[in-house]
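A short worksheet on the structure shown next.
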Amino acid sequence: EKGGYDHFMMKEIYEQPSAIMDTYRGRMLPNEGIIRMAGVDDNIERLANAKRIIVVACGTSWHAGLVSEYIFEDLARIPVEVEYASEFRYRNPVIYENDVVIAISQSGETADTMAAIKLAKEKGAFVFGVCNVVGSSISRETHAGAYTHAGPEIGVASTKAFTTQITVLTLIALKLAKYKGTISDSEFRFHLQELERIPAKISQVLEKNEQVKEIAFTYKDAPNCLYLGRGYNFPVALEGALKLKEISYIHAEGYPAAEMKHGPIALIDEQMPVVVIATNKGHYDKVVSNIQEIKSRSGKIIGIVTEGDEAVKELADYVIEVPETIESLTPLLTTIPLQLLSYHIAVMLGKNVDQPRNLAKSVTVE
Ligand code: F6R
């Protein structure tokens, strides 16, 4: 049932190339320059004319929502707010009838996300669901939606659900961008072609597993770990930290790299591993200066870089290379080594990877 892997989590990490293909199969035709998604096509006016998109979700799904904020704003020029469902529902939020609420949930059963959807519907908003479990409560409660088609995710720590959520949200943003004319036809096609290349590139990253394992061995006894990223990769830093906390019980924090100097830099000493996502697009030079700041305080640096990188390699204790892609798709690649890192550390520490203490696969309590 684990397909030859020791844990569901590892199986699900390795399923990501095929899961992402399943997400876009039948929806995207790169050569024709077409994306077909019934839930979007049937409501295109409502979605494209949204004055604002409010994303509601929890945990890893909330991180996928944060990535989508960059994608929707960048490509479709629609302002986005990303909310923890639990905060949104309890604070008398301002919701207009021309707002679109996107609810993201792997299980489709998360109680807080469900309550946020009900509230948004009461206020007249259009609610679009991005769920993995077909026929789940949230998929039934929303006005329209798109499934991630990732297949069952058994490991409590979410992996393939995250990358397929980003894939679906990218497709939606591209579709709205095309409809609104905020992206040129050639850019649109280019994005689709690049997305089609992602599964093979993830397979290349998965080949770095042994290298990641070595890094895991070096840092497995660290009591704390910091994750930094900027732009599209800031939410990936949050997700990397969450994965480590959940399954290895090591305290970890994710931060936007530039925020480090406003506080967390005080934590850095020779005991502190810092995972820095420093791909070659999107403020690369700034991230390199952040790395220098860590280095000069004796922090240990694990860089996630683009193939062929030189500057980070000189400064870092370890680097993991990921293939080149367009900036908006980098999270689909940079997430992979972070999943593997937390997996190996948890296994080396003898933790129950698939069923971490205190956690449940779907949180149906409020
Ligand atoms: C993280 C994790 C949780 C879930 C969160 C939302 O690995 O599993 O943080 O992401 O409970 O769950 P869904 O997406 O089912 O609403």
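Residue count for the range 125-145 under the criterion of being away from the ligand (no atom under 11 Å from the Cβ) and over 20 Å from G155 (Cβ atoms): the result is 12. Hey, can you tell me all the residues within the range 92-124 that are small (G, A, S) and either within 15 Å of the ligand (Cβ to nearest atom) or under 25 Å from the mean Cα position of the chain (by Cα) (or both)? Of everything in the range 92-124, those that are small (G, A, S) and either within 15 Å of the ligand (Cβ to nearest atom) or under 25 Å from the mean Cα position of the chain (by Cα) (or both) turn out to be A103, S105, S107, G108, A111, A115, A116, A120.
Restricting attention to the range 1-21 and to residues that are among the aliphatic types (A, V, I, L, M) and out of contact with any His (no Cβ under 9 Å at 6 or more places or on another chain), the residue that is surrounded by the most Cβ atoms within 10 Å (Cβ to Cβ) turns out to be M9. All of (1) without any contact (Cβ under 8 Å) to a residue 60 or more places away in the chain; (2) within 18 Å of the chain's Cα centre (by Cα) hold for E15 with one exception: (1). I want to confirm something. Restricting to the range 284-320 and keeping residues that are surrounded by fewer than 19 Cβ atoms within 10 Å (Cβ to Cβ) and in contact with a Lys or Arg (Cβ under 8 Å, 6 or more places away or on another chain), which single residue is nearest to L332 (Cα to Cα)? So, considering only residues that are surrounded by fewer than 19 Cβ atoms within 10 Å (Cβ to Cβ) and in contact with a Lys or Arg (Cβ under 8 Å, 6 or more places away or on another chain), the one nearest to L332 (Cα to Cα) is K286. When Y84 is tested against (1) at negative phi; (2) under 19 Å from the mean Cα position of the chain (by Cα); (3) open to solvent by less than 20 Å² (accessible area, probe 1.4 Å); (4) within 11 Å of the ligand (Cβ to nearest atom), only condition (3) is not met. For the range 156-173, indicate whether the set of residues that are among the aliphatic types (A, V, I, L, M), within 16 Å of the ligand (Cβ to nearest atom) and assigned to a loop (DSSP other than H, G, I, E, B) is non-empty. Yes: one or more hits. Pairing residues of the range 155-178 that are over 17 Å from I71 (Cβ atoms) with residues that are of a type in the set (V, I, T) and near the ligand (Cβ under 8 Å from one of its atoms), at Cβ distances under 6 Å and at least 6 apart in sequence or on separate chains, gives S158/T60.
When residues in the range 22-44 are screened for being surrounded by fewer than 18 Cβ atoms within 10 Å (Cβ to Cβ), farther than 22 Å from F128 by Cα and not polar (S, T, N, Q), 3 of them pass. Of all residues in the range 242-300, those that are over 19 Å from L315 (Cα atoms) and without any contact (Cβ under 8 Å) to a residue 12 or more places away in the chain total 5. Selection of the range 217-245 for residues being charged (D, E, K, R), open to solvent by 30 Å² or more (accessible area, probe 1.4 Å) and within 16 Å of the ligand (Cβ to nearest atom) yields only K245. Quick check: is even one residue across the range 267-275 open to solvent by less than 10 Å² (accessible area, probe 1.4 Å), more than 19 Å from W62 (Cα to Cα) and β-branched (V, I, T)? Yes: one or more hits.
Residues of the range 246-259 that are open to solvent by 10 Å² or more (accessible area, probe 1.4 Å) and either within 13 Å of the ligand (Cβ to nearest atom) or closer than 14 Å to V276 by Cβ (or both): E246, E253, G254, Y255, P256, A258, E259. Once the range 145-190 is narrowed to residues that are acidic (D, E) and surrounded by fewer than 21 Cβ atoms within 10 Å (Cβ to Cβ), the residue that is farthest from L75 (Cα to Cα) is D185.
The values are calculated or read from the model by the stated rules, or taken from the named source; none is laboratory data. Note that this is a predicted model, so its numbers are computed, not measured. Positions of Cβ are backbone-derived with ideal geometry, glycine not excepted, and every protein chain shown enters the neighbour counts. Calculation scope for accessible area: heavy atoms of the full protein, side chains included, ligands and nucleic acids excluded. Shrake-Rupley method; radii C 1.70, N 1.55, O 1.52, S 1.80 Å.
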